[in-house]
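Read-outs: derived from the displayed coordinates by stated rules, not from any lab. Not measured: the values here are computed from a predicted model. Methodologically, a virtual Cβ is constructed for each residue, glycine included, from the backbone with ideal geometry; neighbour enumeration extends over all protein chains shown.
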Amino acid sequence: MPLLIDLKPGEKVIINGAVLENAGANTKIRIHNESNILRQKEILTGDEVSTPAARVYFCLQCAYIFPEKRAHYLELCGHYLAEYLGACPSATDIGEEIRADIAAEHYYKALKASRKLLRHETEVLGHLEQDAESWSRAIGDAEI
């Protein structure tokens, strides 16, 4: 079954490593064969990789889009994922899902699972920020 992608003006899509940009009005692209595709909203640029979970996502993204360098990116991904799970064991189930998808060579599925890791990280960091604010207020109120 073909995949139909609707691109807004200026929107980008990566298909088999080629970055395509819609240079006109709304455009529809129909893809008839299996291809590695990422829409602009799914793409993380190197400049946006600033957190441990983002490193995992970025490596999986590159492994998916650039099959000729897949082994390199999967090795990096495994390293970054192990680091993340070591620091944050509450994400172990997500990590196992990502590893299972990689083992089955379902790289797009692994990339989707890594979005759960990004959400997990955001949630954990949000809780840490709230805790830090509470501690700061408590310490600020305490006499030294």
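Are any of the residues in the stretch 48-56 in a helix (DSSP H, G or I), of a type outside the set (Gly, Ala, Ser) and touching a Ser or Thr at 6+ places or on another chain (Cβ under 6 Å)?
Residues of the stretch 48-56 in a helix (DSSP H, G or I): 48, 52-56.
This time we only want the ones that are of a type outside the set (Gly, Ala, Ser), so: 48, 52, 55-56.
After this cut, where a residue has to be touching a Ser or Thr at 6+ places or on another chain (Cβ under 6 Å) as well, the list is 56.
So far as the stretch 48-56 goes, yes, one or more of its residues are in a helix (DSSP H, G or I), of a type outside the set (Gly, Ala, Ser) and touching a Ser or Thr at 6+ places or on another chain (Cβ under 6 Å).
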Exercise for review: Of the numbered conditions (1) out of contact with any helix residue (DSSP H, G or I) (no Cβ under 9 Å at 6 or more places or on another chain); (2) part of a helix (DSSP H, G or I); (3) closer than 19 Å to residue 116 by Cβ, residue 97 fails exactly one; give the number of that condition.
Suggested key: (1)
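Matching residues to (1) in contact (Cβ under 8 Å) with a residue 60 or more places away in the chain; (2) within 27 Å of residue 12 (Cβ to Cβ); (3) surrounded by fewer than 19 Cβ atoms within 10 Å (Cβ to Cβ):
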residue	(1), (2), (3)
40	no, yes, yes
45	no, yes, yes
53	yes, yes, no
67	no, yes, yes
77	no, yes, no
85	no, no, no
93	no, no, yes
100	no, no, yes
106	no, yes, yes
Practice item. Output the qualifying pairs, or none if there are none: Cβ atoms under 9 angstrom, residues six or more apart or on different chains, first residue in the stretch 10-32 and exposed (fewer than 10 other Cβ atoms within 10 Å of the Cβ), second residue not in a loop (DSSP other than H, G, I, E, B) and not aromatic (Phe, Trp, Tyr). Key: 28/4; 28/5; 28/6; 28/7; 30/3; 30/4; 30/5; 32/3
